[in-house]
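Report on the following structure.
The values are calculated or read from the model by the stated rules, or taken from the named source; none is laboratory data. Keep in mind that what you see is a predicted model, and the values were worked out from it rather than measured. When we count neighbours, we look across all protein chains shown, and the Cβ atoms used for this are built from the backbone with ideal geometry, even at glycine.
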Amino acid sequence: MEQNKENMMVAALENGSVIDHIPTDKLFTVAQLLQLRDCKEEVVIANNLKSNVMNKKGLLKISGKFFNEEEISQLAVICPNIRLTVIKDYKVVEKREVLLPDTLTNIVKCANPVCITNNEPMKTVFYRKDKDTLKCRYCGKEQKLKDIKLK
Amino acid sequence: MIFDIYSISSDINMENRSIVSIADYGKEKIQYLLDMATEFEAHPNRQILKGKVVATLFFEPSTRTRLSFETAANRLGARVIGFTDPKVTSSSKGETLKDTIKMVSNYADVIVMRHKLEGAALYASEVTNVPIINAGDGSNLHPSQTMLDLYSIYKTQGTLENLNIYMVGDLKYGRTVHSLLMSMRKYNPTFHFIAPKELEMPEEYKLYCQQNNIKYIEQQDFTEDTIADADILYMTRVQRERFTDLMEYERVKDAYILRADMLGKCKDNMKILHPLPRVNEIEYDVDDSKHAYYFEQARNGLYAREALICDVLGITLDDIKNDTSII
C-alpha cells in the first residue's frame, strides 16, 4: 500500500527529478545542499517512509529540476547509493543508482591544511579508494566520507 | 594501498617528464637511473647541459638539497637561476604558485622546486610543460633523497636485493624512511623498525608492507645485539618537538644514539646512512668507523641529482655513455 502511494507521488510529477533511498538522517543535509529552501518549483520532502531495503528512508521530489554530473557527484559524496529518477512528460526516462565516482573533481575540500589545494586557487581532485574513503590527488591524505566537507 | 595516486601523476606528465615521486618507479627505471648516476660518478664534470638553464625555486629554505642540485647543474655545464628565500620573491606579495611557475617557465629548461605545501610539485607539473623536479614538498615527498639513498645502498652492497635494512629513530615523521620503504618494495628487503613508541612506523606504512609482502620486524631496543644482522643502518634524528609527552622524550632521547662501541658485532658490509643534518644521534666517534657512510651518501646526492636533471631533460643513458663533453 505504501509502495503504491509512493509510486503515485512519483508518477504525478510532470517534469523533474526524484531522489529516493536517502538515509533519514541525511535528508535535510541533501535538501540544504540542493538549496531547496529557495526553490520556487513544487517540492515534496518526505521522511521516515517505509522501505524494504533500508527500513526507513527519505525521498525528495523536485519539479523542473534536472541534475548535472557535478551535482550528482556531490549527492554521491553526501549519501552514496541513493536512487535518482528523472521524469519527463510524466514518464520515467532515467532511473539510476547514484554511486560514488572513481574521481571527484572540485567537489570535496581537502582536510589537510598544508595541502596545496587549500592554498592555491585550484580545483581539488579526489580518488575513491574504497566505498567510504577518498584520497587527495595532491597531498595523498585519505579522508572518510563521513568526515568530508564539500568545496 | 598508499600513494598509488602518483602513478597517475607520472602518466599525466609523460610529455614533460617531471619527477614528482619515484615511489611508482619499477626496477628497470630505478636501475636505469642508478646506471646513470654511476656514469656521473666516474665523470661528474661535463658540458652536457651547456646552454641549458636550471631554475632552483626554494620556496622553503634548504641548504644541502639546494647546494647539491646547483652543484649538479653547474658541474654539467648548465647555468642556474632561482631563489633561496621566498621572502624576496613575488610569492611574498601574494603571487600564486601557478603564476610563479608560469613566469619561470619562460626562462628555464628545468625547474627544481622545494615548497612547504604538500602536493605543490605535482600541481606545478600540471601548469607547465617545463619539467619539474620535486626537491621536497612539505612532509610529503622527496624523490631525489630517495634516489641518493638507493644509489648509496646499491653502491655499498652491490645490489638492492634481499637486504636487511634497519631504520632507527623517528619513523613516524621521517619522510625519507617512508619513501625509501616504498621504493624498496620490489627488492625483497627485510625491514627492522627501531623506534620509541611515540615515533613508531605509522600503521599505513605497516599496512603497505603487508600488502606488498615486505617483511618487517618492530622493536624498541637499540643495542649492539639488535643491529648485528643489519646490512644498512638508516639513522634518523629524534626531535624533541615531535613529542607530546616531554617526559617520554627525556626517557628515550639517549636510547637511539649510535656509538662506536655498538658496532663490534655488526656485519662487515654494514653501512650507516643518515639523511643529515645530524645532531647527536650518531656519536662523533662513529665517523672514523669503516661503517660510517653518511658523508659519502651526501656526495652520492650529486651524482643522483645529475642523473635526475638529465633524465627529465630527455638525455638518455646512451647519451651519457657516449658523451664527448667530459672535462
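I'd like to check something: does the stretch B:13-31 contain any residue that is outside any helix (DSSP H, G or I), surrounded by fewer than 18 Cβ atoms within 10 Å (Cβ to Cβ), at pLDDT 95 or above and among the hydrophobic types (A, V, I, L, M, F, W, C)? For the stretch B:13-31, residues outside any helix (DSSP H, G or I), surrounded by fewer than 18 Cβ atoms within 10 Å (Cβ to Cβ), at pLDDT 95 or above and among the hydrophobic types (A, V, I, L, M, F, W, C): absent.
Here the strands (runs of 3 or more DSSP E) wholly within the stretch B:47-138 that include at least 1 residues being assigned by TED's automatic domain parsing to the domain that holds residue B:37 and in contact with a Pro (Cβ under 7 Å, 6 or more places away or on another chain) are B:110-115, B:132-137. Sort out which residues of the stretch A:118-133 are at pLDDT 95 or above, over 16 Å from residue A:70 (Cα atoms) and more than 7 Å from every other protein chain (Cβ to nearest Cβ), and write them in order of number. Within the stretch A:118-133, A:118 is the sole residue that qualifies. Here the stretch A:138-151 is the region considered, the condition is being surrounded by 19 or more Cβ atoms within 10 Å (Cβ to Cβ) and more than 22 Å from the chain's Cα centre (by Cα), and the residue that is farthest from the other protein chains (Cβ to nearest Cβ) is A:140.
Among the residues of the stretch A:93-107, at least one is within 14 Å of chain B (Cβ to nearest Cβ), surrounded by 20 or more Cβ atoms within 10 Å (Cβ to Cβ) and either touching a residue at least 12 places away in the same chain (Cβ under 8 Å) or within 15 Å of the chain's Cα centre (by Cα) (or both). For the stretch B:92-112, a residue qualifies if it is buried (at least 18 other Cβ atoms within 10 Å of the Cβ) and within 12 Å of chain A (Cβ to nearest Cβ), and the qualifying residues are B:97, B:100, B:101. The residue that is surrounded by the most Cβ atoms within 10 Å (Cβ to Cβ), among those in the stretch B:129-144 that are away from chain A (no Cβ under 13 Å) and among the polar types (S, T, N, Q), is B:144. At least 2 residues being free of Cβ contacts under 8 Å to residues at least 40 places away in the same chain and aliphatic (A, V, I, L, M) is the threshold, and among the helices (runs of 4 or more DSSP H) wholly inside the stretch B:165-274 those reaching it are B:246-252.
Reported count of residues in the stretch B:119-146, each being at pLDDT 95 or above and acidic (Asp, Glu), is 1. Here residue B:116 fulfils each of the conditions (1) more than 14 Å from chain A (Cβ to nearest Cβ); (2) of a type in the set (D, E, K, R); (3) surrounded by fewer than 21 Cβ atoms within 10 Å (Cβ to Cβ) apart from (1).
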